[in-house]
Amino acid sequence: MAASLDLTASSIELTRAFCDIESVSGNEAPLADAIETALAPLAHLTVTRDGDAIVARTDLGRDRRVVIAGHIDTVPLNDNLPTERRTADDGADIMWGRGTVDMKGGCAVQLKLAHDLVDPAVDITWVWYDHEEVSDALNGLGRLARTRPELLTADFAILGEPSNAQIEGGCNGNLRAEIRAYGKRSHSARSWIGDNAIHKAAPVLDRLAAYEPRIVEVDGLEYREGLNAVGITGGIAGNVIPDEVMVHVNYRFAPSRTADDAVAHIHDVFAGYEVTIVDLAAGARPGLDAPLAQDFVAAVGGPAPKPKYGWTDVARFSALGVPAVNYGPGDPAYAHHDDEQVPVAQITAVEEGLRRWLTA
């Protein structure tokens, strides 16, 4: 029997039902089917399916349009489904289980509001997409941006990534590089004949240890950068002087830097070494200077917006010229955690914040 979603239920119960339809990356189809089936009868929405991404749009002729998006896939399970309603150690009412934080709580809120908001103040494009937790080449939002960009046209976008029910603007960029040094093999009993490549990695590690990452203000938010070794490989055998070593480096850079700027910086820091860029994603500026963003901040209230230090798909909207922020229930520290859990109060808070803004 196909899974189903009752859109008349509360966003809390909808979160439970949404999470209980298992959708580890690559198995999103049953959940996408349930979303599509639940939305199809709603006359105020035009529903489009692209693979396992579902797009639902209002077409009310409003002068402004917003996109509100979330990914429906999760990392693999580890005995953390079905979802449970629990009391946390601090007494908080929580929903426990895979996906409650990353990011089915936010997706469930979006689904509830897509059902309820028949006459919103702005036109809305709701997006639930697939394959966020795996290879960038498979990302459903990226696929839509490449093949159906007209579906993502908007004045402002919100991504329901977990943010403790607070607004987090933009995101840092992300770069990974391999730094290599070379030597000459020899028997370790005659090491003077060889040239130990691993020893040549010492200056690379010295540069990393001495590196002072920047704190950069971008449009009023302070982004913290980071440059770190995340792996090192080298060596052939216990009696062989190695002829190659590779230090794997990760660089998180403020959205004031372009991707090309970040690459140039890495080449400058590791001048004299072979540098291979293996992953690169530009960041996104906060987007909080957009009029719709300012209205959104006012409607949500609470603490001032914060920066998003990790990379998120808001960068895809930024690349399309759409300012975007992160806003969803859950503590990012619980994302991918086997003890994944979201305070029920945050689910309600995000629903109320979005509802106030979209109906104002």
Check your understanding: When only residues in segment 280-294 that are touching a strand residue (DSSP E or B) at 6+ places or on another chain (Cβ under 7 Å) and part of a loop (DSSP other than H, G, I, E, B) count, which is farthest from N174 (Cα to Cα)?
Key -> A290
Review point. With respect to the numbered conditions (1) over 23 Å from D119 (Cα atoms); (2) without any contact (Cβ under 8 Å) to a residue 60 or more places away in the chain, which one is the sole condition not fulfilled by D63?
Key: (1)
Practice item. Can you tell me which residue within segment 109-156, out of those that are of a type in the set (S, T, N, Q) and within 15 Å of the chain's Cα centre (by Cα), is modelled with the lowest pLDDT? Key: S135
Check your understanding: Has segment 112-123 got at least one residue that is assigned to a strand (DSSP E or B) and either surrounded by 17 or more Cβ atoms within 10 Å (Cβ to Cβ) or not charged (D, E, K, R) (or both)?
Key -> yes
Practice item. For residues that are in a loop (DSSP other than H, G, I, E, B) and free of Cβ contacts under 8 Å to residues at least 40 places away in the same chain, scanning just segment 295-336, find the one that is surrounded by the fewest Cβ atoms within 10 Å (Cβ to Cβ). Key: G321
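Residue by residue, here is whether (1) more than 28 Å from S135 (Cβ to Cβ); (2) surrounded by 14 or more Cβ atoms within 10 Å (Cβ to Cβ); (3) in the same structural domain as E351 (by TED's automatic domain parsing) holds:
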| position | (1), (2), (3) |
| --- | --- |
| D6 | yes, no, no |
| F18 | no, yes, yes |
| S25 | no, yes, yes |
| I72 | no, yes, yes |
| P82 | yes, no, yes |
Revision key, fill the gap. Only one of V247, V269 is touching a Ser or Thr at 6+ places or on another chain (Cβ under 9 Å) and at pLDDT 95 or above, namely V247
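The values are calculated or read from the model by the stated rules, or taken from the named source; none is laboratory data. On a predicted model such as this, the values are computed, not experimentally measured, just so you know. Please note: Cβ atoms are built from the backbone with ideal geometry, for glycine as well, and neighbour counts cover all protein chains shown.
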